[in-house]
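Trainee: Supplied in structure tokens, the structure appears directly below.
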Amino acid sequence: MTQGSSHDARTAGAHRVVVIVDENSNPFELGCATEIFGLRRPEIGRDLYDFRLCSPEPRTLMRDGFFTLTGVAGLEAADSADTLIVPNRPDVEVPRRPAVLDAVRRAHARGARLVGFCSGAFTLAEAGVLDGRRATAHWQWAHSFQARFPSVRLETDVLFVDDGDVLTAAGSAAALDLGLYIVRRDHGAEIASSVSRRLVFAAHRDGGQRQFVERPVPDPPDESLGSVLAWAQERLDAPLTVADLAAHAAVSPATLHRRFRAQLGTTPLAWLTGERLALACRLIERGEPRFEMVARRSGLGTAANLRALMRREIGLTPLEYRRRFGL
């Protein structure tokens, strides 16, 4: 399998994302990175990133010998990354190559953003860039990780962790969540929503949601949350409450709460707030200049509440967000 280069005139000057692929790397996380950061975006009108794969060897045998990756850049490509996604693999007890760890350390020293998907947290920890910092990893390896890297502040029951210039995702599906979160952080909610629509994937699952969902298999249609979610998304500007959602679903608030926990890994109120905040961001990006109007149309009430939520959840005030992502 040979990589087709995306490094040409169409991505000149774009933020460069480089993925290190090493022996026994997981194909799924590689696919997530390629899908989110590497594909052309004709529906947006521009490409978001300059994307490259690199490897320490000319031929890289992927997990369980599924296929061999060839034709990618050498490891030196990591030295030009603005964002470096480190390799992950199922055999977490096997140390990484020194050359890979050195590339990670160099990237960190020059200020590149580092990303670990699933067991990629082990690579970051081996390189020493997680010491004293927050991170997450797949629940299956949490005890092993904590025993090997006690100086890392491991958060064991979240989807992903943003610790500034180092970000980690807990598992395979959480790689998509973290990837979309990075797109949203770089390009705003409207662009992230467009990417998620192409993926047919939820645009906003907060990193604090639980890794383990108690009933991962979808419920029968009469217990699905789909209709109530769609109903609420059309009425975000209304004074909706959890009781309103429960009434529309024809269940008690307690039953609705259990279904949200089981199917989405969050609470109805947290989901509703997240949807309203995402709508507020899109309104600001589309050019609505009045923050009071943004707050009302998104159901967040007042500009003060909008400001507090955006600062807490996004790290930017509405004014800062408009300067960064507005028309």
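All of the numbers you see were taken from the coordinates with simple rules; none came from a lab. Everything quoted here is computed from the prediction, not taken from an experiment. Because the Cβ atoms are built from the backbone with ideal geometry, glycine has one as well, and the counts that use them run over all protein chains shown.
Trainee: May I ask for the Kirkwood hydrodynamic radius of segment 51-151, worked out over all distinct Cα pairs and given in angstroms to one decimal?
Mentor: Here the Kirkwood hydrodynamic radius works out to 14.2 Å.
Trainee: Right, another one. Viscosity 1.306 mPa s, temperature 10 °C: what is the translational diffusion coefficient of the chain from Stokes-Einstein with a Kirkwood Rh over Cα pairs, rounded to a whole number of µm²/s?
Mentor: Values: Rh = 21.0 Å.
Using the Kirkwood radius from Cα pairs, D works out to 76 µm²/s.
Trainee: Given a 10 angstrom Cα cut-off, can you work out which residue in Ala189, Ala243, Ala125 is the most mobile in a GNM of the chain?
Mentor: Of Ala189, Ala243, Ala125, the most mobile in the Gaussian network model is Ala243.
Trainee: Over the alpha carbons of segment 219-325, what is the largest minus smallest coordinate on each principal axis, giving the biggest first in Å?
Mentor: Projected onto its principal axes, the Cα set of segment 219-325 covers 45, 22, 20 Å.
Trainee: Separate question: Counting only Cα, what are the radius of gyration and maximum Cα-Cα distance Dmax of segment 9-191, in Å?
Mentor: Cα only, segment 9-191: 15.3, 47 Å (Rg, Dmax).
Trainee: So what's the back-of-envelope 222 nm ellipticity for the chain, counting only DSSP H runs of four-plus at -39500 (n - 2.57) apiece and dividing by all residues, rounded to 500? Don't skip to the answer; put the middle values down first.
Mentor: Details: 13 runs with 132 residues, N = 327.
Rounded to the nearest 500, it is -12000 deg cm²/dmol.
Trainee: Sticking with this one: Test of understanding: given the chain, find the longest segment containing no GluC sites (Glu not before Pro) that are in a DSSP loop and have at most 16 other Cβ atoms within 10 Å.
Mentor: On the way: sites that count: Glu43, Glu93, Glu214, Glu234.
That gives 94-213 as the longest site-free run.
Trainee: Taking the Cα atoms only, what angle lies between the long axis of helix 268-285 and the longest principal axis of the chain, rounded to 10 degrees?
Mentor: 80
Trainee: Quick one: work out the % antiparallel among DSSP beta bridges in the chain, nearest 5.
Mentor: Values: 6 of 27 bridges.
So the antiparallel bridges amount to about 20 percent of the total.
Trainee: Could you work out how far helix 189-199 tilts from the main Cα principal axis of the chain, as a 0 to 90 degree angle to the nearest 10?
Mentor: Once rounded, one gets 70 degrees.
Trainee: Just to confirm the number: angle between the C-alpha axis of helix 172-187 and the first principal axis of the chain, 0 to 90 degrees, nearest 10?
Mentor: 80
Trainee: Mind pulling the per residue volume of the convex hull built on the Cα atoms of segment 58-109? Å³ is fine. Kindly include the intermediate steps, with their values, before the conclusion.
Mentor: Values: hull volume 4.9 nm³, N = 52.
Per-residue hull volume (Cα only) is 94 Å³.
Trainee: Per q in 0.26 1/Å, what log10 I(q)/I(0) does a Debye calculation on the alpha-carbon atoms of segment 283-327 return?
Mentor: Relative scattering, expressed as log10 I(q)/I(0), comes to -0.90.
Trainee: Of the chymotrypsin sites (Phe, Trp or Tyr not before Pro) in segment 35-119, which ones lie in a loop per DSSP and count no more than 12 other C-beta atoms within 10 Å?
Mentor: Values: sites: Phe37, Tyr49, Phe51, Phe66, Phe67, Phe117; in loops: Phe66, Phe67.
Here the chymotrypsin sites (Phe, Trp or Tyr not before Pro) that fit, given the DSSP loop and packing criteria, are Phe66, Phe67.
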